[in-house]
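To start, the structure under review is shown below, and the notes come after it.
Just so it is clear, none of the values below were taken in a lab; they were calculated from the coordinates. All values reported here derive from a predicted model rather than from experimental measurement. So basically every Cβ, Gly included, is an ideal-geometry build from the backbone, and we count neighbours across all protein chains shown.
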Amino acid sequence: MTTALTHARVLTPDGWRDDLAVVLDGPRIAELLPLSDPRLGAMSREDLDGMLLLPGFIDVQVNGGGGALFNDAPTVETIRRIGAAHRGYGTTGFLPTLISDDVQVMRAALAAVAQAQAEDVPGVLGIHLEGPYLAPPRKGVHDPTYFHPPGRDELALLCAPRRGVRLLTLAPEQVALEDIRALADAGVIVCAGHTAANFACTAAALRAGVRGFTHLFNAMSPFGSRQPGVVGAALDDPDSWCGLIVDGHHVHPASLRVAIAAKPRGKMLLVTDAMPPVGAEHPDFVLNGETITAKDGVCQTAQGVLAGSALDMAGAVRNAVQLLGLPLDEAVRMASTYPADFLGLGDSHGRIAAGYRADLLVMDDDFSILRSWIGGEALAR
């Protein structure tokens, strides 16, 4: 059925509009019409009463949610549970993210995501494998016993054609340049992260096909005056994308503002790196046999090591506005339009425009999510 969403403040590719109706036809946005268009009289209409109508948020790094961790049970049901938890905070597209694990778990995770997409589990865009080709000095909360360079069989597994997005985070100093090139040539989006690489190594990896940086600043060699490190390479390169965890804990707001100013517009993404407490009643979970506690929005071990986050995408947008001073429209684009472009989905996702998927959300001025649509299917919170 064709439905017209009316009387909203709509974020279009050209900016805010309050004089348009967004017409949904099945899973797609059919067109944007002036509110005065007589064709609207023959349509079913929903009056959004002045609320914000936004493109749905896309999160490329979601380890868990709703009390579930993808590593614990890499199944379709876990993916469904995680997606449902994050949808309440505006996420209409996401990559279930597997933290470093053994190859059997990697195979199970790949199979689960493929099955979830075959079953049209709402919001699943592909998979993010964060490791295990990482650097021990920048391990973060990952278990370094899983770390190793990829062998031939694993490269074949990762390069095999699959439906949906394949994103792999690796440490460039741990993987041969020819292997990075082979992954990129096979359509894998390669990101640098959990890496102690120097500037020259990172720059070479960018030339070989690295396309982005996983949670910029965190678990990577820092930016120095004579040793620019991974952070310097990321900010110096105009073509790559960077994920940012804007929770007020992972990175100082001033560092984030400087980084955003250094990159061309459209190259910074909001990510959550979310763990099971998002959308769950209990703040604790277990990772690699260690209890992690979420307190005051921070997930950390008993030793104080950060272990992902308790951040959701609506909170990330709020923080980008309130902590970083970004305009709301730019913060929303960092959560929707720019991630879609990074994933190669910019022609179908992340914008409110004719022909795009009807992945939408309604948000109030307090950053609360009131409604969402995934592929035109509505869900009230």
Inter-part gap, Cα centre of segment 265-294 to Cα centre of segment 135-204, in whole angstrom, is 22 Å
If each K or R counts +1 and each D or E counts -1, the residues other than SER100 whose Cβ falls under 10 Å of its Cβ total -3
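May I ask for the Kirkwood hydrodynamic radius of the chain, worked out over all distinct Cα pairs and given in angstroms to one decimal?
Details: mean 1/r = 0.0479 Å⁻¹.
About 20.9 Å, per the Kirkwood formula over Cα pairs.
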Only helices counted: for the chain, with every DSSP H run of 4 or more residues adding -39500 (n - 2.57) and the sum spread over all residues, [θ] at 222 nm is -7500 deg cm²/dmol
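Normalised by the residues of segment 26-156, what does the relative contact order come to in percent, with Cα pairs under 8 Å and at least six apart?
Numbers: 166 pairs, mean separation 28.2, N = 131.
Reported relative contact order: 21 percent.
Take the alpha carbon gyration tensor of segment 158-277, find the square roots of its eigenvalues, order them as a ≥ b ≥ c, and report rounded if a/c is under 1.5; if not, report prolate when a/b exceeds b/c, else oblate.
On the way: a/c = 1.79, a/b = 1.27, b/c = 1.42.
Taking the square roots of the gyration eigenvalues as a ≥ b ≥ c, segment 158-277 is oblate.
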Listed by chain and number, the residues whose amide H is under 5 Å from that of ARG28, excluding neighbours fewer than 5 places away on the same chain and using placed H, are ALA358
Computed about the Cα centre, the charge dipole of the chain from +1 Lys/Arg and -1 Asp/Glu charges at the Cβ has a magnitude in debye, to the nearest 20, of 580 debye
Of ASN63, ASN288, ASN319, the most mobile residue in a GNM of the chain (C-alpha springs, cutoff 10 Å) is ASN288
Karplus-derived 3J(HN,Hα) from phi for segment 69-81 (6.51 cos²θ - 1.76 cosθ + 1.60, θ = phi - 60°), whole Hz, x at Gly and Pro, runs 10, 4, 4, 5, 8, x, 10, 4, 5, 5, 4, 4, 5
Computed over segment 235-355, the relative contact order (Cα-Cα under 8 Å, seq sep at least six) in percent reads 24 percent
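GluC sites (Glu not before Pro) within segment 244-345: which are DSSP loop residues with at most 15 other Cβ atoms inside 10 Å? Provide the component values of the computation, followed by the final result.
On the way: sites: GLU281, GLU290, GLU330; in loops: GLU281.
Hits after loop and neighbour filter: GLU281.
Just to be sure I understand: of the beta bridges DSSP finds with both ends in the chain, what percent are antiparallel, rounded to 5? Mind showing how you got there, number by number?
Numbers: 36 of 71 bridges.
That works out to approximately 50 percent antiparallel.
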Relative contact order as a percentage, the chain, C-alpha pairs under 8 Å and 6+ apart, gives 19 percent
Candidate cut points under trypsin sites (Lys or Arg not before Pro) in segment 161-235, DSSP loop plus at most 16 other Cβ atoms within 10 Å of their own Cβ, are ARG163, ARG226
Given all pairs of distinct Cα atoms, segment 121-182 yields a Kirkwood Rh in Å of 12.8 Å
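Could you give the length gained by full extension between GLN115 and SER225, i.e. 0.36 nm per residue of separation minus their alpha carbon distance, to one decimal place? Can you show the working numbers first?
Numbers: separation 110, 0.36 × 110 = 39.60 nm, distance 4.79 nm.
Difference between extended and current length: 34.8 nm.
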Sorted by chain and then number, the residues having a modelled amide H within less than 5 Å of the amide H of GLY248, at least 5 places away or on another chain, are none
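To the nearest 0.05, what FRET efficiency results for GLU377 and ALA204 with a Förster distance of 56 Å applied to their C-beta separation? It would help to have the intermediate numbers written out before the result.
Working: r = 45 Å, r/R0 = 0.80.
That pair, GLU377 with ALA204, gives E of 0.80.
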Rounded to the nearest 0.05, FRET efficiency between GLU281 and GLN104 (Cβ-Cβ, R0 35 Å) equals 0.65
In whole angstrom, the spacing between the Cα centers of segment 95-110 and segment 30-93 equals 25 Å
Under a Gaussian network model of the chain whose springs join Cα atoms within less than 10 Å, the largest fluctuation of PRO137, PRO55, PRO74 belongs to PRO137
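Just want the ordering: MET363, MET1, MET51, from fewest to most Cβ atoms lying within 10 Å of their own Cβ. Walk me through the intermediate numbers first.
Working: MET363 24, MET1 8, MET51 19.
Exposure proxy ranking, most exposed first: MET1, MET51, MET363.
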Quick calc: nm separation of the 7 Å Cα→Cβ label points for GLU178 and ASP19 -> 6.1 nm
Along segment 126-133, Karplus-curve 3J(HN,Hα) (6.51, -1.76, 1.60; θ = phi - 60°) to the nearest Hz, with x for Gly and Pro, reads x, 9, 10, 9, 9, x, x, 8
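Can you tell me how much longer the chain between SER348 and ASP329 gets when fully stretched, taken as 0.36 nm per residue apart minus their C-alpha distance, in nm with one decimal? Could the numbers behind the result be given before it?
On the way: separation 19, 0.36 × 19 = 6.84 nm, distance 1.92 nm.
Taking 0.36 nm per residue and subtracting the Cα distance, the gain is 4.9 nm.
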Calc'd 3J(HN,Hα), segment 268-277, phi into Karplus 6.51 cos²θ - 1.76 cosθ + 1.60 (θ = phi - 60°), Hz, glycine/Pro = x, comes to 10, 10, 7, 10, 9, 6, 6, 10, x, x
